1. Do we find a residue being β-branched (V, I, T), modelled with pLDDT of 95 or more and touching a Cys at 6+ places or on another chain (Cβ under 7 Å) anywhere in the stretch 177-189?
2. Say we look at the stretch 69-107 and pick out the residues that are of a type in the set (K, R) and in contact with a Gly (Cβ under 9 Å, 6 or more places away or on another chain); which of these is surrounded by the fewest Cβ atoms within 10 Å (Cβ to Cβ)?
3. One residue is enough: does the stretch 261-279 have a residue meeting the conditions β-branched (V, I, T), surrounded by fewer than 23 Cβ atoms within 10 Å (Cβ to Cβ) and farther than 19 Å from S94 by Cα?
4. Taking into account only those residues within the stretch 196-222 that are small (G, A, S) and either surrounded by fewer than 24 Cβ atoms within 10 Å (Cβ to Cβ) or part of a loop (DSSP other than H, G, I, E, B) (or both), which is farthest from the chain's Cα centre (by Cα)?
5. Within the stretch 95-123, how many residues turn out to be within 20 Å of S210 (Cβ to Cβ) and either touching an Asp or Glu at 6+ places or on another chain (Cβ under 6 Å) or part of a strand (DSSP E or B) (or both)?
6. I need a count of the residues in the stretch 89-103 that are out of contact with any Lys or Arg (no Cβ under 7 Å at 6 or more places or on another chain) and within 24 Å of E70 (Cβ to Cβ).
7. What's the number of the condition R136 fails, among (1) surrounded by fewer than 16 Cβ atoms within 10 Å (Cβ to Cβ); (2) at pLDDT 90 or above?
8. Just to be sure before I move on: is T110 surrounded by 14 or more Cβ atoms within 10 Å (Cβ to Cβ), touching a residue at least 24 places away in the same chain (Cβ under 8 Å) and more than 30 Å from Y260 (Cβ to Cβ) in the structure I sent?
Amino acid sequence: GTIKDDFIVFKLLSGSELSVSPGKIRSIVFLKDKVLGIENGQAMSEDTDVSQNSYLSGDPTSSGSVNIPENMVLVEKGSFTFGDIWEGIEVPLSKVTFTYDFYMGKYEVTFDEYEEFVVDTAARRPSDNGFGRGQRPVIDVNWWDAIEYCNWLSEKEGLPKAYNENGDFVDRDGQVTTDPSLVVGYRLPTEAEWEYAARGGQNNDRYKYSGSDNVDDVAWYSFNSTNKAQEVGTKRSNTIGIYDMSGNVWEWCSDNYDLYSSTEKTNPFSDNGSCRVCRGGSWNYTNADATVANRNCEPPSFASYSLGFRICRTISN
């Protein structure tokens, strides 16, 4: 067949996923039993010492293949124009550069995932507002609930926490930092990370919504949602395989809301203010709210039937 010029994800037997960027694979060979693939025209058996990239017939110096945690997507470092490039509502525009790769949740955190946290920690069980639970995005969670979930998940997987008791970012040694590249554990994305991922990362997509200029392709919003949040991943993903970054539910970010400036930024994070950024729009908001540049904010104690979150994690060097 023909290899599509798109983001390709291989599901591994371990439950993890192998993510390959567009253009990194020239051919894939499927053979029976002991032959795993082809490298430089030579068959490799199960006894061969296979590196992470060796069974991809592509550039051996490329970082195109990474063993990615389950239900997360690799977002490779790069630069993009931060702000509203279409209608000039969220301005001024600025150049943002990331010096680190990061993982972004493929889906919004679901009720099923959050329930494990509730059972393990005796945390408050959020309401589903009558929508149903399961694979729908968890709602009725405030910012503090969301970061507690992140810290719990970090501890569960043996990673340093991302937040201290005050909600500050902390590095692997527990020291407060404003540099997200130094934060090891699971966390909420920064606002800039969120928009970069919604725009397809290095693809620098010019779509108005995350993955399309047609909102109905990628988003549950007020016109098509039947007045409730829908199961995650039921609309089309964006170009790097992330779902529901437009619509379904608003998503908490780590940052405090701050006014934009035109100054170039590297690994930005805002810790000034009392209102936390929310992104992405929701099932009960209009298509205008689902654009990748649209911003909202709420006090960290606020919870709603239209607000949830997804997780993020820096890839440490």
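1. Here is the first cut: in the stretch 177-189, the residues β-branched (V, I, T) are 177-178, 183-184.
Within this subset, residues satisfying the condition of being modelled with pLDDT of 95 or more are 177-178, 183-184.
Now drop any that are not touching a Cys at 6+ places or on another chain (Cβ under 7 Å), which leaves none.
No, every residue in the stretch 177-189 fails to be β-branched (V, I, T), modelled with pLDDT of 95 or more and touching a Cys at 6+ places or on another chain (Cβ under 7 Å).
2. Initial filter on the stretch 69-107 (of a type in the set (K, R)): 77, 95, 106.
In the following step, the residues that additionally are in contact with a Gly (Cβ under 9 Å, 6 or more places away or on another chain) were identified as 77, 106.
Numbers: K77: 17, K106: 24.
Filtering the stretch 69-107 for residues that are of a type in the set (K, R) and in contact with a Gly (Cβ under 9 Å, 6 or more places away or on another chain), the one surrounded by the fewest Cβ atoms within 10 Å (Cβ to Cβ) comes out as K77.
3. Keep residues of the stretch 261-279 that are β-branched (V, I, T), which gives 263, 266, 277.
Now narrow it down to the ones that are surrounded by fewer than 23 Cβ atoms within 10 Å (Cβ to Cβ): 263, 266.
Next, only the ones that are farther than 19 Å from S94 by Cα stay: none.
No, the stretch 261-279 contains no residue that is β-branched (V, I, T), surrounded by fewer than 23 Cβ atoms within 10 Å (Cβ to Cβ) and farther than 19 Å from S94 by Cα.
4. Here is the first cut: in the stretch 196-222, the ones small (G, A, S) are 197-198, 200-201, 210-212, 219, 222.
From what is left, the residues that are either surrounded by fewer than 24 Cβ atoms within 10 Å (Cβ to Cβ) or part of a loop (DSSP other than H, G, I, E, B) (or both) are 200, 210-212, 219, 222.
On the way: G200: 10, S210: 12, G211: 14, S212: 17, A219: 16, S222: 23 Å.
Across the stretch 196-222, the extreme among qualifying residues is S222.
5. Keep residues of the stretch 95-123 that are within 20 Å of S210 (Cβ to Cβ), which gives 96, 98, 101-110.
Now drop any that are not either touching an Asp or Glu at 6+ places or on another chain (Cβ under 6 Å) or part of a strand (DSSP E or B) (or both), which leaves 96, 101-105, 108, 110.
Number satisfying all stated conditions: 8.
6. 0
7. Failed condition: (1).
8. On the way: surrounded by 14 or more Cβ atoms within 10 Å (Cβ to Cβ): yes; touching a residue at least 24 places away in the same chain (Cβ under 8 Å): yes; more than 30 Å from Y260 (Cβ to Cβ): yes.
Yes: the conditions hold for T110.
The values are calculated or read from the model by the stated rules, or taken from the named source; none is laboratory data. Everything quoted here is computed from the prediction, not taken from an experiment. Ideal geometry is used to build each Cβ from the backbone, glycine not excepted, and the neighbour counts take in all protein chains shown.
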